[in-house]
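To start, the structure under review is shown below, and the notes come after it.
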Amino acid sequence: MANPVYNSLIRYMPISPSRWLRASTLVLLLALHSAAGRADDWTAAGEQLARRIAAVTGPGAVALEMTNRSSLGKGEFDDIRRRLTTELAALGLRFVPAEQAAGRVQISISENLANYIWVAEIHQGNNEYSVAMVSFPRPSTPPVTHDAAAVMIRKTLLWSQPDRILDAAVLDGSAAHLAVLSSDQLALFTLRDGRWQPDQSLPLAHSRPWPRDLRGRLVLRQDHLFDAYLPGVFCRSTTTMPLSLNCRDSDDPWPIGGDWFRLNAFFAPARNFFTGVLVPEVGKQTTAPAFYSAATLPREKYTLALFAALDGQIHMLDGVTDRAAGKLGWGSDMASVHSECGSGWQVLATEAGSGVPDRIRVYEIPDREPVLVSVPLEFPGPVTALWPESNGNTAVAVSENLETRKYEAYRLTLACGQ
């Protein structure tokens, strides 16, 4: 008997008409069943949300705005819009331009990993706005089309070296000087002929041994160039080149916000996390759970602060309530960035347990429900630091390159795309 062999695919094997018809019919039935299921969900959700909106506005003239922040395509979004406007009109609402309206209703169609979330912000006169929300499960297989604007992360290499980089910062608007914070020094570089050239090396004075998992941050200032924060140590630079650095033992809180929102937190000097004590407070809240990193998102009436807690959960503080968003699959590093995309503010977050290489994704946070809006940005190894830059428009990520065994500092910017 001959030995069995592998038979390659016969590319142009004819398919009988009956087999093709049965297969096509099955695919069509499955597609119709999926579409019908979504349509039923949209009808029920539209009825619920319309009733909740009308309960606040009552019958009358309103200005209606709708935004798609989900992965649904334009056709599906238009279908949802028609259903909602029909339901609202049946409840006595009339849609007019903003200058003729007694109120304004802004509806966003968004999603997280498990559910679709429809959120309506209702504004009437000078009163505080109200929020109405409905959610329902997403299908196990997401829609293929994606007409909503995506966000792309662009990374630019700032510096690479064998010693661990804690943070890096471009010191002025002309991008002529770069500061790189390491465990034993702060190195300064000047841009000459398109390359960073070494300029100064300033030692970091400290009286106590560093913790094993050392962290540090650079923050640009108005009256001098920058401050450097390390566990139990604070360093202040002089104003002009050549620089000098004044370091002292300090338990002062570290800035964890940016120029857009002043928020500071106390760092545990012998560990690698923040204790949770906040200065100033977020609204009426003076503490958060102990955390590794934080991100702040300006809202119209308040600031939403996110904290990557030690237990792996993401806590969201709005000044009154502390809501645990659960384990979203995020890592311990995140930062908020201002862009021209979506709502204007996004969160960069590493992935938990993603292995090598590490990855960073971008999320929108409409009404406390994180919505993924980017493909992952991969790094050549683990991400060891992620800090927002002081201007709020960019962030700095540090990664250990497992091929070259060097640490690499990147500037991250966000761009809108399709």
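The values are calculated or read from the model by the stated rules, or taken from the named source; none is laboratory data. Note that the coordinates shown come from a computational prediction; the quantities given were computed from them, not determined experimentally. We place every Cβ from the backbone using ideal geometry, glycine too, and count neighbours over all the protein chains shown.
Observations on the model:
- Those strands (runs of 3 or more DSSP E) lying entirely in region 373-418 with at least 2 residues within 19 Å of Trp254 (Cα to Cα): 383-388, 395-401
- Residue identified as among the β-branched types (Val, Ile, Thr) and touching a residue at least 40 places away in the same chain (Cβ under 8 Å) among Val96, Val56: Val56
- When residues of region 314-332 are limited to those that are over 28 Å from Ser130 (Cβ atoms) and free of Cβ contacts under 8 Å to residues at least 60 places away in the same chain, the one nearest to the chain's Cα centre (by Cα): Trp330
- Strands (runs of 3 or more DSSP E) within region 235-295 that include 1 or more residues crowded, with 16+ Cβ neighbours inside 10 Å and touching a strand residue (DSSP E or B) at 6+ places or on another chain (Cβ under 9 Å): 245-249, 264-267, 274-282
- Considered as a group, the residues in region 173-232 that are at pLDDT 90 or above, acidic (Asp, Glu) and not in a strand (DSSP E or B) include one that is farthest from Asn246 (Cα to Cα), and that residue is Asp213.
- When residues in region 332-356 are screened for being among the charged types (D, E, K, R) and either modelled with pLDDT under 85 or over 16 Å from Ala415 (Cβ atoms) (or both), 2 of them pass.
- Single condition Asp358 does not satisfy, out of (1) surrounded by 22 or more Cβ atoms within 10 Å (Cβ to Cβ); (2) under 13 Å from the mean Cα position of the chain (by Cα); (3) charged (D, E, K, R): (2)
- Subset of region 36-46 (residues that are crowded, with 17+ Cβ neighbours inside 10 Å and under 17 Å from Ala120 (Cβ atoms)): Trp42, Ala45, Gly46
- Residues that are of a type in the set (D, E, K, R) and in a loop (DSSP other than H, G, I, E, B) were ranked within region 308-350; the one that is farthest from Ser70 (Cα to Cα) is Asp311.
- Within region 350-365, the only residue that satisfies the criterion of being small (Gly, Ala, Ser) and in contact (Cβ under 8 Å) with a residue 40 or more places away in the chain is Ala352.
- Counting only strands (runs of 3 or more DSSP E) that sit wholly inside region 65-126, those with at least 1 residues that are within 16 Å of Asp41 (Cβ to Cβ) and not β-branched (Val, Ile, Thr) are 103-111, 115-124.
- Of the set (1) modelled with pLDDT of 90 or more; (2) more than 25 Å from Pro370 (Cα to Cα), all apply to Val56 but (1).
- Of everything in region 59-76 that is of a type in the set (A, V, I, L, M, F, W, C) and surrounded by 17 or more Cβ atoms within 10 Å (Cβ to Cβ), the residue that is modelled with the lowest pLDDT is Leu72.
- Exactly one residue out of Val396, Val373, Val383 is closer than 18 Å to Glu111 by Cα, crowded, with 17+ Cβ neighbours inside 10 Å and assigned by TED's automatic domain parsing to the domain that holds Trp254: that is Val373.
- Filtered by the rule that a residue be under 20 Å from the mean Cα position of the chain (by Cα) and among the β-branched types (Val, Ile, Thr), region 253-291 gives Ile256, Val282.
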